[in-house]
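The values are calculated or read from the model by the stated rules, or taken from the named source; none is laboratory data. Not measured: the values here are computed from a predicted model. Here the Cβ positions follow ideal geometry from the backbone for every residue, glycine too, while neighbour counts run over all protein chains shown. Each accessible area value is taken on the protein alone, full model and side chains, heavy atoms only, with ligands, DNA and RNA left out. Shrake-Rupley method; radii C 1.70, N 1.55, O 1.52, S 1.80 Å.
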Amino acid sequence: MAPTDQPATVGKHPCPECGADLQWNAARQALACPYCGTVVPYAPGQALPGASVVEQDLQQALSHPASGRGWGGAAAGEKREVQCQSCHAISVFVDGKVARRCDFCGSPSIIDHPSLNDAITPQSLLPFKVSDAQMRTRLRQWYGSRWFAPNKLKSAALTDTLSGVYLPYWTFDAQASARWRADAGHYYYETESYQDSKGQRQTRQVRQVRWVPAAGSLAHFFDDELVPGTAGVHPALLRQIEPFPTLTDLQAYSPEFVRGWTVERYQIDLGKAEKLNQEAMQQQIQVLCGRQVPGDTFRNLQVDAQFQGRTFKHILVPVWLVSYTYGARSFQVVGNGYTGAMAGEQPYSWVKIGFAVLAVLLLILLMVSMNQ
Ligand SMILES: [Zn+2]
Ligand SMILES: [Zn+2]
């Protein structure tokens with residue numbers, strides 16, 4: 001994309017009442033003006049002017065790393081990037097309004113990150129669907145179900161800062177074609193005689209395998225394979241709140257969606273993500289070929305796979321995040337801003353666990369004494 005036509009929507013979607021920049025409002029599922037409150041309806045699937053979800057050629061992007069960069073701030077100078085000195089996550093603020101603490105770990109030590117404008121522009125995103133009030137309700141339920149969490153934590157649920165953050169993801173498409181060869185194993189049974197423990201002769205069926213060489217080929221289309229680019233959210237938590245419905249519900253990127261929210265800048269770059277994607281596809285192809293081998297089992301599976309027409313998108317997905325420190329450790333609770341799925345880390349209260357163990361022991365003691 002040429003720099004002139006790239007942020008086509010930038011600043012072109014002002015509030016009809018006061019002319020200020022509109023922001024995405026999760027509770028109303030519409031664009032709203034943060035100053036005068038005017039709401040501009042937004043139907044899902046309706047592309048904002050000049051925006052569409054497009055796949056980009058992977059080969060070309062890797063060999064021409066300068067195209068498709070920049071974030072589309074209202075003006076180039078308004079965007080700010082900061083990096084957390086504690087967890088190293090980099091946050092981007094399209095409207096230049098920087099948070100005082102790191103959204104990912106709560107640390108106050110954040111410093112300006114040189115914004116080199118080398119970041120690949122997000123092409124599309126999932127706008128927030130779960131509002132912060134809905135997420136707070138879920139959060140309260142989640143804390144309520146943590147039996148062994150310290151009480152201090154539960155009271156914190158109502159006051160903790162809840163941050164809405166767009167996380168960076170890469171998605172990849174590819175047409176795969178593979179040839180495979182393997183030894184296909186067919187089971188058959190032979191009758192064997194043996195002596196049992198009483199010295200009697202018995203017979204039994206023993207499974208044998210007949211190995212036959214086999215070969216084949218397959219074609220498979222990989223559609224929107226996801227690779228996270230985040231450094232801020234712990235990977236194990238992220239896996240628990242996936243999936244994000246990126247195949248069906250993506251909207252074309254427009255700064256209106258991210259203005260007023262925190263956006264994390266990816267730290268797994270396209271080159272790294274592409275390799276992770278290639279490895280994941282290779283593993284899946286291996287499994288798919290394995291399923292094609294005839295017979296009951298197989299061995300020595302060799303797969304030669306080619307991936308053609310590889311394309312990618314850089315997308316943003318919404319999460320709600322609470323981070324807190326307890327003792328010396330930092331914990332995260334994460335909610336999927338689209339589906340509402342939740343996952344979290346928690347400290348354990350050893351006092352409560354101790355009492356629970358004691359109660360169980362007493363119960364066992366009681367039952368034993370009643371049976372006597
Ligand atoms: Zn307004
Ligand atoms: Zn941090």
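Mind checking whether some residue in the range 276-285 is closer than 25 Å to residue 217 by Cα and in a strand (DSSP E or B)? Looking through the range 276-285, none of the residues is closer than 25 Å to residue 217 by Cα and in a strand (DSSP E or B). Report yes if residue 172 is touching a Lys or Arg at 6+ places or on another chain (Cβ under 8 Å), more than 16 Å from ligand 1 (Cβ to nearest atom) and closer than 30 Å to residue 307 by Cα, otherwise no. When the stated conditions are applied, residue 172 passes them. When residue 47 is tested against (1) at pLDDT below 90; (2) within 20 Å of residue 319 (Cβ to Cβ), just one condition goes unmet, and that condition is (2). Residues that are hydroxyl-bearing (Ser, Thr, Tyr) and farther than 25 Å from residue 226 by Cα number at least 1 in the following strands (runs of 3 or more DSSP E) confined to the range 287-369: 297-326, 329-336.
If you check residue 58 against the conditions, is it within 13 Å of ligand 1 (Cβ to nearest atom), open to solvent by less than 70 Å² (accessible area, probe 1.4 Å) and either at pLDDT below 60 or closer than 21 Å to residue 122 by Cβ (or both)? Criteria not met by residue 58.
This table checks each residue for (1) part of a loop (DSSP other than H, G, I, E, B); (2) within 32 Å of the chain's Cα centre (by Cα); (3) in contact (Cβ under 8 Å) with a residue 12 or more places away in the chain.
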residue: 185; (1), (2), (3): no, no, yes
residue: 224; (1), (2), (3): no, yes, yes
residue: 237; (1), (2), (3): no, yes, yes
residue: 244; (1), (2), (3): yes, yes, yes
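Screening residue 114 with (1) within 11 Å of ligand 2 (Cβ to nearest atom); (2) more than 26 Å from residue 15 (Cβ to Cβ); (3) modelled with pLDDT under 85 gives one miss only, at (1). Just name the residue that is modelled with the highest pLDDT out of those in the range 80-97 that are open to solvent by 50 Å² or more (accessible area, probe 1.4 Å) and away from ligand 2 (no atom under 13 Å from the Cβ). Among them, the one singled out is 80.
Per the listing 301, 276, the residue uniquely closer than 30 Å to residue 56 by Cα, in contact (Cβ under 8 Å) with a residue 40 or more places away in the chain, in the same structural domain as residue 62 (by TED's automatic domain parsing) and surrounded by fewer than 23 Cβ atoms within 10 Å (Cβ to Cβ) is 276.
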